[in-house]
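**Student:** Got a structure for you, questions after.
The values are calculated or read from the model by the stated rules, or taken from the named source; none is laboratory data. These figures come from a predicted structure and were not determined experimentally. Reconstructed Cβ throughout: ideal geometry from the backbone, glycine too, with neighbour counts over all protein chains shown. Ligands, DNA and RNA are excluded from the accessible area calculation, which covers all protein heavy atoms including side chains. Shrake-Rupley method; radii C 1.70, N 1.55, O 1.52, S 1.80 Å.
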Amino acid sequence: MSPETLAQVSNYAVASATVVIALAFLAHMAEWGFARKVDQPVEEEATVTVGAGAPAARQSTAAADDDAPSRPDLLSSVGVSLTGLGTVLLLVGFVVRGFAADRVPWGNMYEFGIGGAAFALVVYLVLVRVQAIQWLGGIVTGFALVVLGMAMSTYVPAGPLVPALHSYWLVIHVAAVMLAGAFFLVGAASSLLFLIRHRAEERGTVGGLLSRFPHSAVMDQIAYRTNAVAFPLWTFGALIAGSIWAHYAWGRYWGWDPKEVWAFITWVVYAGYLHARATRGWKGRRAAIIALVGFLTFLFSYYGVNLFGSGLHSYAT
Amino acid sequence: MSSREREGGPAPALGSREFGRWIWRQLTSMRTALLLLLLLAIAAVPGSVVPQRGVDARAVEAYMTRNPTLSPWLDRFGFFDVYTSPWFSAIYLLLMVSLIGCILPRTRVYLKALRARPPKAPKRLERLPASATFTVDASPAEVASAARDVLRGPRFLPARVDVVEDGDSSEVRVEKGYLRELGNLVFHVSIVLVLIGVAGGALFGYRGAAIVTQGSGFANVLTQYDEFASGALFDPDDLPPFSLQLDEVQARFWTDGPQRGAPRLFRAAGTVETEPGADPQPFEIRVNQPLGVDGTSVFLVGQGYAPVLRVTDPEGNVVFDDAVPFLPQDGTYTSNGVVQVPDAEPQQLGFQGFFLPTAVVGEDEDASVSIFPGAVNPIIGLFAFEGDLGLDDGTPQSVFILDKTNLTQILDEDGENFRISLSPGQEAELPNGATIEFADLRLFARFQVASTPLVELPLVAISVGILGLVLSLVVRPRRTWVRSRRGSAGTVVEVAALDRVPRDDLPDDLDDLLERLADALGVPASVTRSEHEENDQS
């Protein structure tokens with residue numbers, strides 16, 4: 001197939017992936033909608049303080065003990081299956097784009113967007129299998145849709161790279177950063193739900209929709225683990241690989257380019273998060289807020305800097 | 001913490017030693033480190049909003065002209081030099097002190113812990129987060145040896161195991177996960193080393209930029225640089241004495257496809273002498289492929305057009321014949337430049353204008369624009385000036401700016417500004433009788449020459465540091481106890497585990513341990529599982 005045909009195939013695959021992920025998002029929204037209506041009596045576990053969070057992990061699977069799966073559960077699995085299908089389509093679009101341009105498919109903001117969404121969905125699906133985090137489905141698919149939408153708004157036809165990007169550090173730097181971003185996303189989604197449910201638990205008002213989510217201690221733990229994976233990846237991808245490549249491409253390791261500034265800020269805020277989790281008075285709510293701030297700074301260094309600033313990374317727009 | 005910190009004496013009359021100690025304890029506490037980190041993040045923000053002198057001095061000047069009232073205040077508080085400002089430095093220096101003050105005592109504690117034996121089992125094991133009790137026929141000694149085998153861990157990562165036995169009872173104490181704190185310490189030490197290495201590189205290093213035209217050379221001495229910045233401890237005499245002869249500059253662009261007009265290849269080639277008189281060696285520099293000479297790297301960071309212009313003055317003497325770099329302003333390489341002819345008689349001549357590599361007449365009939373960065377239809381457009389160029393009063397002058405204070409613009413017979421538009425080979429005559437010819441078109445390369453000594457230190461340190469970081473996030477420190485006592489119905493075995501950092505997989509791991517223990521004792525798994533319990537509270 002000619003590069004043009006391949007590029008066309010990639011575009012179709014990305015478009016259909018977007019539609020399927022939108023359906024997955026709708027399924028999760030319907031799941032939440034029905035969960036609100038099912039007005040289960042508030043489980044008394046909300047008043048028990050759970051240290052390790054161990055029992056809570058089991059409670060989520062035991063929530064619906066009836067012989068038939070409840071409607072929200074059904075919608076949740078529909079959502080996960082659709083996400084799986086959408087992710088496969090997106091990966092096809094992503095990989096074929098690479099063949100169409102004859103290089104790694106992350107050389108501009110459009111490709112970085114579809115790649116970032118694909119990485120995030122794959123990480124999410126793997127964690128659904130390993131850690132049963134399908135309760136994050138609504139947030140992750142919704143976020144993936146936003147990222148895909150932003151990617152479409154920066155669409156450029158498949159083509160070769162500018163000389164500044166001719167480096168194998170492109171492969172290492174961008175891949176590590178996208179992977180870190182995928183874990184940051186899962187971590188941030190968990191922290192967000194943690195904050196919401198934690199407040200309800202303290203007030204003793206966990207019911208309806210919130211009872212579908214695991215105990216706050218479990219979500220806190222998931223957030224910590226994913227951020228603990230993301231932080232070394234970010235250190236490596238953004239700070240180390242980034243500065244080595246900056247040396248070759250721009251003649252200096254670190255020059256406080258706006259993108260570098262925000263990569264640094266993201267690193268410092270997540271370092272703060274890891275410290276907060278070990279500091280009395282900052283564990284839990286405050287740490288989760290820092291994690292969310294960290295994710296916002298990550299988003300800004302990924303997208304905001306290109307939107308508002310010029311800087312050396314501007315070829316990425 | 002605060003209640004204990006007061007014990008040195010009555011609060012208002014703290015002695016200077018106590019006060020110093022109090023400050024030190026505050027500074028090295030985790031809470032302070034956390035606040036300093038958050039402060040550092042906030043302090044870094046302005047540097048991405050306001051242009052920085054160290055990054056782009058010209059952008060700072062432009063910003064100051066746009067914001068005449070705000071700028072002096074921003075400047076006063078160091079907002080144009082955020083990353084070297086006193087307040088930013090203060091935060092990271094405090095952070096550094098806090099970091100070292102944290103590393104030292106923790107290293108001492110860690111070394112002690114390495115020598116310590118696993119602690120005795122608490123009296124009531126069932127109070128621990130995960131515990132179980134079962135009864136077997138095997139003797140306490142047999143249980144202990146089975147437990148030791150099960151808990152010893154893999155050979156490459158052994159757990160520390162102590163066995164205490166006395167006839168009727170036994171206790172196995174296991175501690176594992178020492179690498180967590182080791183990794184933690186390694187990571188934090190590596191951050192200190194990174195900062196030392198970066199500071200060293202900044203103090204002893206230098207960075208300069210020079211524009212070199214095709215066919216000419218560059219010698220690595222201070223006077224040849226257009227821009228130069230170096231650290232406080234750098235001595236200009238230490239510049240390695242290499243020189244370059246630039247024979248070829250290539251700038252190729254995509255002529256078709258979706259990326260039409262985008263850069264395709266930038267390349268500079270020629271010969272390099274490592275010191276005066278050394279054998280010239282061929283070199284090639286591309287973007288991402290710098291040339292390394294004598295601890296210094298030479299990068300190709302830009303390129304553009306340098307038309308060769310020949311000027312004769314009204315008296316008929318050739319007073320200028322040289323390539324003049326025109327600086328590209330955008331992706332089409334629409335470039336601006338200045339020609340200064342100080343030797344012209346009777347008055348000095350100056351030209352200012354633009355270069356278009358592929359000129360077409362724009363919508364507005366008068367103005368041409370460049371539509372492609374390659375030189376397909378190159379045109380120079382210039383205005384001419386005569387008078388005093390202001391080169392003699394000793395103030396340094398940029399070769400890219402024409403000082404028009406003592407110059408008058410040359411006009412045509414209608415009183416309009418006299419315009420010159422030249423293609424290669426063309427010549428124009430000025431109303432005053434001088435001529436200017438577009439003799440040839442060459443390319444120039446903009447090189448950045450940089451030396452960052454000690455750069456290996458931060459790179460190696462942070463690479464090792466990442467391994468430490470991963471260990472500190474992955475390794476789980478855990479204590480496990482297996483206590484057995486001979487009872488009337490057999491040996492009563494109690495098993496319990498405690499995580500130093502609470503995790504939710506402890507109960508599962510205990511189940512697993514019980515199963516393997518049953519296996520080692522040769523009893524069905526159901527025996528050990530019988531009275532398994534979990535506690536919420538540690």
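**Student:** Using the Cα atoms of segment A:162-317, I'd like the radius of gyration and the largest Cα-Cα distance, Dmax, both in angstrom.
**Tutor:** For segment A:162-317, the Cα-based Rg and Dmax read 17.7, 59 Å.
**Student:** How charged is the neighbourhood of residue A:136? Take every other residue with its Cβ under 14 Å from the Cβ of residue A:136, and add Lys/Arg as +1 and Asp/Glu as -1. Before the final figure, lay out the partial values.
**Tutor:** Numbers: positive: A:129, A:197, A:212, A:225; negative: A:31, A:220.
Counting the neighbours of residue A:136, the net charge comes to +2.
**Student:** Still on this structure: Show me the three semi-axes of the equivalent ellipsoid for the protein assembly as shown, from the C-alpha gyration tensor (sqrt of 5 times each eigenvalue), largest first, rounded to whole Å.
**Tutor:** Values: eigenvalues 850, 217, 121 Å².
The equivalent ellipsoid of the protein assembly as shown has semi-axes of 65, 33, 25 Å.
**Student:** Tell me whether segment B:345-452 comes out rounded, prolate or oblate; compute the Cα gyration tensor, take square roots of the eigenvalues as a ≥ b ≥ c, and use a/c under 1.5 as the rounded threshold.
**Tutor:** oblate
**Student:** Report the paramagnetic label zone for residue B:505: residues of segment A:210-226 whose backbone N is under 17 Å from a point 7 Å from Cα along the Cα-to-Cβ axis.
**Tutor:** A:218-226
**Student:** So what are the ³J(HN,Hα) numbers for segment A:121-136, from phi and the Karplus equation (6.51, -1.76, 1.60; θ = phi - 60°), rounded to whole Hz, Gly and Pro as x?
**Tutor:** Working through the residues one at a time gives 5, 5, 4, 4, 5, 4, 6, 4, 5, 7, 10, 6, 9, 5, 5, 8 Hz.
**Student:** Compute for chain A: radius of gyration divided by Kirkwood radius, i.e. Rg/Rh, restricted to C-alpha atoms, rounded to two decimals. If you can, show how the numbers build up before the last one.
**Tutor:** Numbers: Rg = 20.7 Å, Rh = 20.6 Å.
In chain A, Rg relative to Rh is 1.00.
**Student:** Just to be sure I understand: if you take the accessible area of chain B alone plus chain A alone and subtract the pair, with a 1.4 Å probe, what total do you get in Å², rounded to 100? It would help to have the intermediate numbers written out before the result.
**Tutor:** Values: alone 30390 and 14910 Å², together 40760 Å².
Counting both chains, the buried surface is close to 4500 Å².
**Student:** Under the Karplus relation 6.51 cos²θ - 1.76 cosθ + 1.60, θ = phi - 60°, what is the ordered set of whole-Hz ³J(HN,Hα) values for segment B:492-508, x standing for Gly and Pro?
**Tutor:** 8, 10, 10, 10, 8, 9, 9, 8, 6, 10, x, 9, 8, 9, 4, x, 4
**Student:** Is it possible to state the helix-based mean residue ellipticity at 222 nm for chain B, with each DSSP H run of 4+ residues giving -39500 (n - 2.57), the sum divided by total residues, to the nearest 500 deg cm²/dmol? What is it? Don't skip to the answer; put the middle values down first.
**Tutor:** Values: 12 runs with 161 residues, N = 538.
Roughly -9500 deg cm²/dmol at 222 nm, from the helical runs in chain B.
**Student:** Continuing with the same structure: Run the 1.4 Å probe and let me know the accessible area of residue A:37, rounded to the nearest 10 Å².
**Tutor:** 150
**Student:** Quick check for me: using +1 on Lys/Arg Cβ and -1 on Asp/Glu Cβ, what's the dipole size of segment B:206-451 about its Cα centre, in debye to the nearest 20?
**Tutor:** Working: 11 positive and 37 negative charges, 271 e Å.
Rounded to the nearest 20 debye, it is 1300 debye.
**Student:** Here is a follow-up. Amide H neighbours of residue B:442 under 5 Å, counting only residues 5+ apart in sequence or on other chains, H built in-plane at 1.01 Å?
**Tutor:** B:306, B:308
**Student:** Give me the percent of the accessible area of chain B that comes from carbon and sulfur atoms, probe 1.4 Å, all protein chains in place.
**Tutor:** Numbers: 15160 of 28060 Å².
The C+S portion of the solvent-accessible surface of chain B is 54 percent.
**Student:** Using a cut-off of 14 Å between beta-carbons, work out the net charge of the residues near residue B:55 (Lys and Arg +1, Asp and Glu -1, residue B:55 not included). Don't skip to the end; give the middle numbers.
**Tutor:** Working: positive: A:252, A:259, B:53, B:58, B:207; negative: A:257, A:260, B:56, B:61, B:81, B:227.
Here the count lands on -1.
**Student:** At R0 = 30 Å, how high is the FRET efficiency between residue A:278 and residue B:464 if r is their beta carbon distance? Nearest 0.05 is fine.
**Tutor:** Details: r = 22 Å, r/R0 = 0.74.
According to the calculation, E is roughly 0.85.
**Student:** Consider just the alpha-carbon atoms of segment B:211-364 and return their Rg together with their Dmax, both in angstrom.
**Tutor:** Considering segment B:211-364 through its Cα atoms, Rg and Dmax are 18.8, 56 Å.
**Student:** Further question on the same structure: What list of whole percents do you get for P(r) of chain B, with Cα-Cα distances grouped in 20 Å bins up to the one holding the largest distance?
**Tutor:** So the P(r) values, bin by bin, are 15, 31, 23, 18, 10, 2, 0.
**Student:** With the cut-off at 1.5 for a/c, could you classify segment B:15-113 from its C-alpha gyration tensor as rounded, prolate or oblate?
**Tutor:** Here segment B:15-113 falls in the prolate category.
**Student:** Something else about it: Name the residue from A:208, A:176, A:249 whose Cα lies farthest towards the positive end of the charge dipole of segment A:162-317, charges +1 on Cβ of Lys and Arg and -1 on Cβ of Asp and Glu.
**Tutor:** A:208
**Student:** Which lysines, if any, have their Cα less than 30 Å from the Cα of residue B:112, not counting same-chain residues under 8 positions apart?
**Tutor:** By straight Cα distance, residue B:112 reaches A:283, B:120, B:123, B:176.
**Student:** Right, next: Give me the accessible area per residue for the protein assembly as shown, probe 1.4 Å, as a whole number in Å². Walk me through the numbers on the way to the answer.
**Tutor:** On the way: 40760 Å² over 855 residues.
Solvent-accessible surface per residue comes out at 48 Å².
**Student:** How do A:152, B:96 rank by accessible surface area computed with a 1.4 Å probe, from largest to smallest?
**Tutor:** Values: A:152 80, B:96 40 Å².
Accessible-area ranking of A:152, B:96, largest first: A:152, B:96.
**Student:** A follow-up question, please. Can you put B:87, A:106, B:24, B:254 in order of accessible area, largest first, using a 1.4 Å probe? Please report the intermediate quantities before stating the final value.
**Tutor:** Numbers: B:87 80, A:106 30, B:24 125, B:254 55 Å².
Descending accessible area places them as B:24, B:87, B:254, A:106.
**Student:** Also, quick follow-up: No solvent, one uniform scatterer per C-alpha: report log10 I(q)/I(0) for segment A:120-186 via the Debye equation at q = 0.18, 0.19, 0.23 1/Å, two decimals.
**Tutor:** -0.83, -0.89, -1.05
**Student:** With every protein chain in place, what's the accessible area of residue B:56 (1.4 Å probe, Å², nearest 10)?
**Tutor:** About 70 Å², rounded to the nearest 10.
**Student:** Once the Cβ-Cβ distance between residue B:401 and residue B:21 is put in as r, and R0 is 45 Å, what FRET efficiency do you end up with, to the nearest 0.05?
**Tutor:** Working: r = 59 Å, r/R0 = 1.31.
So the FRET efficiency works out to roughly 0.15.
**Student:** Just the number, please: carbon plus sulfur as a percent of the accessible area of segment A:162-317, 1.4 Å probe, no ligands or DNA/RNA counted. Spell out each step's value before the answer.
**Tutor:** Numbers: 3450 of 5180 Å².
Carbon and sulfur: 67 percent of the exposed surface of segment A:162-317.
**Student:** Taking R0 as 22 Å, what FRET efficiency do you get between residue A:146 and residue B:49 from their Cβ-Cβ distance, rounded to the nearest 0.05? Numbers along the way, then the final one.
**Tutor:** Working: r = 25 Å, r/R0 = 1.12.
E between residue A:146 and residue B:49, to the nearest 0.05, is 0.35.
**Student:** Heavy atoms only, 1.4 Å probe, whole protein assembly: order B:186, B:460 by accessible area, highest first. Don't skip to the end; give the middle numbers.
**Tutor:** Details: B:186 50, B:460 90 Å².
Greatest to least solvent exposure: B:460, B:186.
**Student:** Suppose we keep just the alpha-carbon trace of segment A:156-241; what are its Rg and Dmax in angstrom?
**Tutor:** For segment A:156-241, the Cα radius of gyration and maximum Cα-Cα distance read 18.7, 59 Å.
**Student:** A follow-up question, please. Once each part is reduced to its C-alpha centroid, what is the distance from segment B:375-439 to segment A:98-139 in angstrom?
**Tutor:** About 57 Å separates the Cα centre of segment B:375-439 from the one of segment A:98-139.
**Student:** Here's a follow-up. From the alpha carbon gyration tensor of segment B:396-498, can you work out the equivalent ellipsoid semi-axes (sqrt of 5 times each eigenvalue) and give them in Å, largest to smallest? Before the final figure, lay out the partial values.
**Tutor:** Values: eigenvalues 1588, 49, 42 Å².
In descending order, the three semi-axes are 89, 16, 14 Å.
**Student:** I've got another one for you. So, taking all protein chains as they sit and a 1.4 Å probe, how much accessible area belongs to residue B:506, in Å² rounded to tens?
**Tutor:** For residue B:506, the solvent-accessible surface is approximately 10 Å².
**Student:** Test of understanding: express the Cα radius of gyration of segment B:218-277 as a ratio to 2.2 N^0.38 Å, with N the residue count.
**Tutor:** On the way: Rg = 17.3 Å, N = 60, 2.2 N^0.38 = 10.4 Å.
Taking N as the residue count of segment B:218-277, the ratio is 1.66.
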